[in-house]
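Written out below as structure tokens is the structure these notes cover.
The values are calculated or read from the model by the stated rules, or taken from the named source; none is laboratory data. All values derive from a computational prediction rather than experimental measurement. Here the Cβ is made from the backbone with ideal geometry for all residues, glycine too, and neighbour counts use every protein chain on show.
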Amino acid sequence: MTATRHIIGLLLGTEEDWPAAFEEILLRLGPVEGTGGSRHTFDCERITIEPFWLRGRPRYDLVIDRLAYWYYVPREWLKKVALMDGMYLLNSPFTFQSMEKHAAYCAMMRLGLKVPETVLVPFKNPVDNARYAYTAARYNRPFDLEAIAAQIGYPLYMKPYDGGAWRGVSRIGNPAELHAAYDASGEMLMHLQKAIDYDVFARSLSIGAETMVMSFQPDQPMHQRYAVHHSFLSAEVGAEVVTIGRLVNAFFKWEFNSCETLVAGGEVYPIDYANACPDVALTSLHYYFPWAMKTLVKWCVFALVTGRRAKPDLETDRYFAIADEPGMSYEEKLKGYRELADAYFDSERYQDFWADKQSRLDEIVLDWVAGPDFDQLLIRTVQLVYPVHEHDKFIAHLRGLLSLWVRDETARLAVA
Ligand SMILES: Nc1ncnc2c1ncn2[C@@H]1O[C@H](COP(=O)(O)OP(=O)(O)OP(=O)(O)O)[C@@H](O)[C@H]1O
Ligand SMILES: [Mg+2]
């Protein structure tokens, strides 16, 4: 029988760690069986940047994009291959580039989620456009920044409407800090948002139909932000965090995204739900890195073998119908949203697809992470990321966390 060959393209910037891991797991996995005994093979290539014909046919079947959020040549190529060639993309260039943090807040508020009160304020500095002075003089209403802040209440956060990596984020406790932060915002467009005094910070990483919810410590250095802590949320709160992440991803058709929720007194407050290029670095995810790589492989293989199609339209009315249902409680709405999200991600079919292949993949990944090739990747990654005098410290740190994963995973597989 002939095998169907699928080519996965990786659109990469500076990352070397996770692409190497992804390529290695895919290679070790080898051919996969689809329905009716069909056979599928996978090749992975790193995409190069060059001129492209708009009517040209790309060689890839699926692309994982880590670049288009700042580099416009691949961004425009992605739009072309999405519209013209039906290529499967993680993530859609349309929704991720026009719908950033701000759009996610709007969607979540529209759906009745507990996004903290948020106000968008006009630019501090004039916009660089010849028409600005006239337009601003004619139409910009003066506003009282202190009155808005007082209405939200201190403390609050000032942060860019489309932010990432803490750029321009400040916590504000009084009017003096408010003015200082606004003056410093310059050409950035800012939100003011009520601060939540949270008990726990849950950061979840979603890849297709799976989500890992992790305990996050934003005030720690990068390598210590994700804590290895398995039951830091009650079962109900954990399920709510997963549902909100899946909901936002299904709503915008984002398939590789990390989401941030603050949990206070059992209430879940979403604060950051649009990360087009979620952090999956070995040095950040450590213990959770094998899960992320395995799941990325699983989702890509599932999408390719089952011929999953990407559709650019959002069909938002189906979600709004639930939001607008009179007399429906928050919990009932979440249940409705979860059903829509599970349908979008084809969760049942995904589980069925992997049911008879999962244990082989689990063994492959465990064997690799426990072996010398992974250790070499770990060493190379530390050498690329940290200065020489810190190499020993970080190699030991990561080895410790990964051997903890190997121990836990060995125990898990022994029981299964
Ligand atoms: N409303 C809020 N209440 C409490 N803390 C907040 C709030 N908004 C932001 N923060 C804090 O500020 C940090 C950065 O905010 P946010 O995630 O919105 O910005 P970011 O630039 O996207 O950061 P990152 O790339 O780390 O996700 C959060 O991790 C959190 O610690
Ligand atoms: Mg954030």
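Annotations for the structure displayed:
- Residue check for Leu145: aliphatic (A, V, I, L, M), closer than 20 Å to Gly186 by Cβ and at pLDDT 95 or above: yes
- Those residues of the stretch 214-258 which are among the hydrophobic types (A, V, I, L, M, F, W, C), closer than 22 Å to Glu332 by Cα and within 16 Å of ligand 2 (Cβ to nearest atom), in sequence order: Val241, Ile244, Val248
- The residues of the stretch 96-109 that are in contact with a helix residue (DSSP H, G or I) (Cβ under 8 Å, 6 or more places away or on another chain) and assigned to a loop (DSSP other than H, G, I, E, B) amount to a single one, Met99.
- Residues that are part of a loop (DSSP other than H, G, I, E, B) and either within 15 Å of ligand 1 (Cβ to nearest atom) or β-branched (Val, Ile, Thr) (or both) within the stretch 206-235 comprise Gln217, Pro218, Asp219, Gln220, Pro221, Arg225, Val228, listed in sequence order.
- Matching residues in the stretch 306-335 - criterion: being among the β-branched types (Val, Ile, Thr) and assigned to a loop (DSSP other than H, G, I, E, B): Thr306, Thr316
Residue by residue, here is whether (1) more than 17 Å from the chain's Cα centre (by Cα); (2) modelled with pLDDT under 95 holds:
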position	(1), (2)
Met214	no, no
Gln220	yes, yes
His223	yes, yes
Ile244	no, no
Ala274	no, yes
Val280	no, no
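- Pairing residues of the stretch 132-153 that are closer than 20 Å to Asp197 by Cα with residues that are basic (Lys, Arg) and at pLDDT 95 or above, at Cβ distances under 8 Å and at least 6 apart in sequence or on separate chains, gives Ile152/Lys194; Gly153/Lys194.
- Per-region count, the stretch 196-213, residues free of Cβ contacts under 8 Å to residues at least 60 places away in the same chain, β-branched (Val, Ile, Thr) and within 16 Å of ligand 2 (Cβ to nearest atom): 1
- Conditions (1) in contact with a Lys or Arg (Cβ under 9 Å, 6 or more places away or on another chain); (2) touching a residue at least 12 places away in the same chain (Cβ under 8 Å); (3) farther than 30 Å from Glu363 by Cβ; number of the one not met by Glu325: (2)
- Residues being of a type in the set (A, V, I, L, M), within 16 Å of ligand 1 (Cβ to nearest atom) and crowded, with 20+ Cβ neighbours inside 10 Å are entirely absent from the stretch 64-78.
- Any chance Ala303 is assigned to a loop (DSSP other than H, G, I, E, B), in contact with a strand residue (DSSP E or B) (Cβ under 8 Å, 6 or more places away or on another chain), on the phi < 0 side of the Ramachandran plot and not charged (D, E, K, R): no
- Some residue of the stretch 5-13 being in contact with a Phe, Trp or Tyr (Cβ under 6 Å, 6 or more places away or on another chain), more than 20 Å from Leu67 (Cβ to Cβ) and buried (at least 16 other Cβ atoms within 10 Å of the Cβ): yes
- Subset of the stretch 261-282 (residues that are free of Cβ contacts under 8 Å to residues at least 60 places away in the same chain and either crowded, with 18+ Cβ neighbours inside 10 Å or within 11 Å of ligand 1 (Cβ to nearest atom) (or both)): Asp279
- Residues within the stretch 284-317 that are surrounded by fewer than 19 Cβ atoms within 10 Å (Cβ to Cβ), farther than 17 Å from Trp405 by Cβ and in contact with a helix residue (DSSP H, G or I) (Cβ under 6 Å, 6 or more places away or on another chain), tallied: 1
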